[in-house]
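Down below is the structure, laid out as structure tokens.
Each value in this text was obtained by applying a stated rule to the coordinates, not by laboratory testing. A quick note: this is a predicted structure, and the numbers were derived from the prediction, not measured. When we count neighbours, we look across all protein chains shown, and the Cβ atoms used for this are built from the backbone with ideal geometry, even at glycine.
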4 protein chains.
Amino acid sequence: MTKQHLPDHLLTGYRTFVEKRLPGDRDRLRTLADEGQHPPTMVIACCDSRAVPETIFNSAPGEIFVVRNVANLVPPYEPDGEYHSTSAALEFAVQALKVEHILILGHSGCGGIHAALSPGADPLSPGDFIGKWMSLLDPVAASFNSNDHMTSRERHAALERTAIRHSIGNLRTFPMIRDLEDAGKITLHGAWVDIGTGDLWGMDPESGDFDRLAIGPGESA
Amino acid sequence: MTKQHLPDHLLTGYRTFVEKRLPGDRDRLRTLADEGQHPPTMVIACCDSRAVPETIFNSAPGEIFVVRNVANLVPPYEPDGEYHSTSAALEFAVQALKVEHILILGHSGCGGIHAALSPGADPLSPGDFIGKWMSLLDPVAASFNSNDHMTSRERHAALERTAIRHSIGNLRTFPMIRDLEDAGKITLHGAWVDIGTGDLWGMDPESGDFDRLAIGPGESA
Amino acid sequence: MTKQHLPDHLLTGYRTFVEKRLPGDRDRLRTLADEGQHPPTMVIACCDSRAVPETIFNSAPGEIFVVRNVANLVPPYEPDGEYHSTSAALEFAVQALKVEHILILGHSGCGGIHAALSPGADPLSPGDFIGKWMSLLDPVAASFNSNDHMTSRERHAALERTAIRHSIGNLRTFPMIRDLEDAGKITLHGAWVDIGTGDLWGMDPESGDFDRLAIGPGESA
Amino acid sequence: MTKQHLPDHLLTGYRTFVEKRLPGDRDRLRTLADEGQHPPTMVIACCDSRAVPETIFNSAPGEIFVVRNVANLVPPYEPDGEYHSTSAALEFAVQALKVEHILILGHSGCGGIHAALSPGADPLSPGDFIGKWMSLLDPVAASFNSNDHMTSRERHAALERTAIRHSIGNLRTFPMIRDLEDAGKITLHGAWVDIGTGDLWGMDPESGDFDRLAIGPGESA
């Protein structure tokens, strides 16, 4: 065996996985490898290291199909675009895996949303990929930038939630999703997690409002 | 509070998270929310529900910044492209978060790789986003398709690993990454996980070979 | 004794008070009557029947001095104005009672805030007292009316919180309050209660942000 | 979550509310939040920390709509006045909530009444908001000041009750209230509470006299 080249913290974590979790997951993993994945739900989440869907939803292997991009955005349907990373994943989840649910999961303190609220800031690189990516929110970001009665954190949280609604709107520009939703075969969801407290807020599909899930004692979700 | 609209399996999982894991993570989450994330490592992984980086590496919140797209691909540097989801995440991780490691994490049984090995198959949708996305592997996929001496599973595993090396090559087309690697400030890694056994294979940066990490009882990594 | 003319529900409630609560409060009430009130805190709250400060704070008699007006507003200092109901109460609390804290307590679903967000609606009466009263928020309400990316409830919650900050700003236009605050003898607070869940959100005096008080198990306020 | 900034006694009280009262009120609060408030009765009470309507009437959330100002006063109808805090609340209660009862609730030991009986005293502030506010009682206060046959406490109690009748008279200067009363759709009430004993005295609508409610053991209201 050759010397390993992975970062130490990943090697340490992998050793813990092998000792603590793998024994209990082994049968399930073998079945999943043999029979393929059939996750009921696709989650579109952010790359942020603090907002991990599998942790928040305590997901088992095979349970959720997960796209992670900056600010958990969905671009509109553009069949002639190039390298549609998120659109390809959507197509795979909906057409091949036939997921029944798509959840857009946003979170507090999102760096991509921060970039969208700082339109005058210097780009990070000559290519300014972040600027181009976040321009997907141009249709909605301006009205938050111009409101100086909200605190900075309130503006961020408001755009984080508006962006979730905007992405759900973009999901509906995909003919395959619109048709399945009309036929009652797929349901679109939004949620937002407060990374400092672990509180999860679910979106009401009628109003678009977000409500904190009541999970404490005497509360029932 | 209004009725919750999330899928039941996510609500159940969230309740377990709140009861079992959140109490132990709370202090860390508050600090992460207040001080921002400083993950040392970015992981580019697949959307597959069976290959979850945070599970495999037993990661704590804040530990890894994670992009997940179909087949864990990195496109080449193309500053004039549109909506570069993965490039935007790379830029954010490298320029803003200043990660020290980037790991491309592939896995067995990858559906995207399977699509790349089935070039004649009907596209999943008129837009054929999967076909366009997987065309990122066109420079390397053809030689596997024309090789009928390998079994199907061998071809898949071989392209899964070749794709990791190809994406690492694409990472080096980004000037910011090439410069940082030359200066010794960032290290690029590859790994491949066998989802049926949980075995992790690390890539040797010199030869490009993959070796299984020896982690079991009596083994040492 | 003559026939009583109070509404039945108040008579019933008073009988419960006499039987259940008065016996335990009697000594305290006698002392409060003899020695006068010395509440440490003044609360400016809304008239809304669902947001009762003494209930939310489980207050004992003598504990909080309470103004209640529509939307818990404080007008700016205007010594030449007429019938300044709220200003008179402020003066009494600060100068005569020497309270150490003033809390502006807002709440979800506020009807006055709703009126401020419906500037074109027909006035309720020829005098349109609500319209005049809520015009105290004119300096801040417009920017929320023009933002149609937020849901109706989000706009309401945002203005409910902005109005609290605005009223705290107005408190500081009263020379007596500004001087006492500068001398460290009085502290101004904001809070917002979600009437549907009982969740209380406290305002950070530096940033103006509102945070939910963590009171559940494993949480500490 | 950031550090909380509310006074300690309110935090302690809120914790008791969450643990002891909220569980039993939760369903009612959710319904009230969803369906809005429909209180049958409006109460105009004093800010005094010892005379809390919800405590005296053991009111549930949603039961009474409450204005609290110094000395529980109602100004006369003046559509051209500015910032009519109490008039705005009246308008909201009568026009929007369509309450069936309005109760003016006075109490013993009222500081505002004391100020009205001390017309020569130094104003509390240059603005003298208390003096202006209590001048609403000028039409009735003078005859008590010039009556030196009553003890001080008798003068106070007499003006406290006279003020209630005066405010009921002012209520009838509002066209909306006068019309509804004539149509039998609203009823005006007066009451006075002795804060040292908890005794409640109801006003006879014909004579204007106040009678103690007989509620004790062996008494019936």
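Which residue fluctuates the most in chain D, going by a Gaussian network model with Cα springs under 10 Å, if the choices are D:F129, D:F210, D:F17?
Greatest mean-square fluctuation among the candidates belongs to D:F17.
Considering the dipole of the stretch C:1-123 built from charges on the beta carbon (Lys and Arg +1, Asp and Glu -1) around the Cα centre, which of C:A93, C:V66, C:G24 is farthest to its positive end?
Of the candidates, C:G24 comes out farthest on the positive side.
Count, for each residue of A:39-46, the Cβ atoms from other chains sitting within 10 Å of its Cβ, then give me the mean as a whole number.
4
Simple spin-label model, 7 Å along Cα-to-Cβ: C:E100 to A:R21 in nm?
Output for this residue pair reads 4.9 nm.
Could you tell me the largest-minus-smallest coordinate of the C-alpha atoms of the stretch A:28-73 on each of the three principal axes, in descending order and whole angstroms?
Extents along the principal axes, in whole Å: 34, 18, 14.
Among B:L29, B:L180, B:L124, which one moves the most in a GNM of chain B with springs linking Cα atoms closer than 10 Å?
B:L124
Would you compute, for the Cα atoms of the stretch D:121-176, the largest minus smallest coordinate along each principal axis and list the three values in descending order, in whole Å?
39, 32, 14
Given R₀ = 22 Å, what would the calculated FRET efficiency be for C:S207 paired with D:E82, taking r from the Cβ atoms and rounding to 0.05?
Computed FRET efficiency for C:S207 and D:E82 comes out at 0.10.
Please list, by residue number, everything in the stretch B:97-119 whose backbone N is under 19 Å from a paramagnetic label point 7 Å out along Cα→Cβ of B:S143.
B:113-114, B:116-119
Quick one: if you stick a label point 7 Å off each Cα along the C-beta vector at B:M150 and A:D8, how many nm between them?
If labels sit at B:M150 and A:D8, their model points lie 3.6 nm apart.
Regarding chain A, what's the average projected area of the Cα-atom convex hull, expressed in nm²?
17.0 nm²
Any chance you could list P(r) for the protein assembly as shown, counting all Cα-Cα pairs in 20 angstrom bins from zero, rounded to whole %?
The calculated distribution, bin by bin, is 14, 39, 25, 16, 5, 0.
Report, for B:A214, each distance to the same residue's label point in the other copies, shortest first and in nm; define the point 7 Å along Cα→Cβ.
Here B:A214 shows inter-copy label distances of 4.4, 5.8, 9.9 nm.
For chain D, what relative contact order do you get, as a whole percent, if you take Cα pairs closer than 8 Å and at least 6 residues apart?
Worked out over chain D, it gives 19 percent.
Do the sum for chain C: with -39,500 (n - 2.57) for every DSSP H run of n ≥ 4, divided by all residues, what is the mean residue ellipticity at 222 nm, to the nearest 500 deg cm²/dmol?
For chain C, the value works out to -10500 deg cm²/dmol.
Please list, ordered by chain and number, the residues whose modelled amide H lies under 5 Å from the amide H of C:G190; skip anything fewer than 5 residues away on the same chain.
Result for C:G190 returns C:I104, C:M203.
Jot down the per residue volume, in cubic angstrom and as a whole number, of the convex hull over the alpha-carbon atoms of the stretch B:50-111.
Dividing the Cα hull volume of the stretch B:50-111 by its residue count gives 107 Å³.
Work out, step by step, the length gained on full extension between D:S135 and D:S118: first 0.36 nm times the residue separation, then minus their alpha carbon distance; give nm to one decimal.
Result for the pair: 5.0 nm of gain on full extension.
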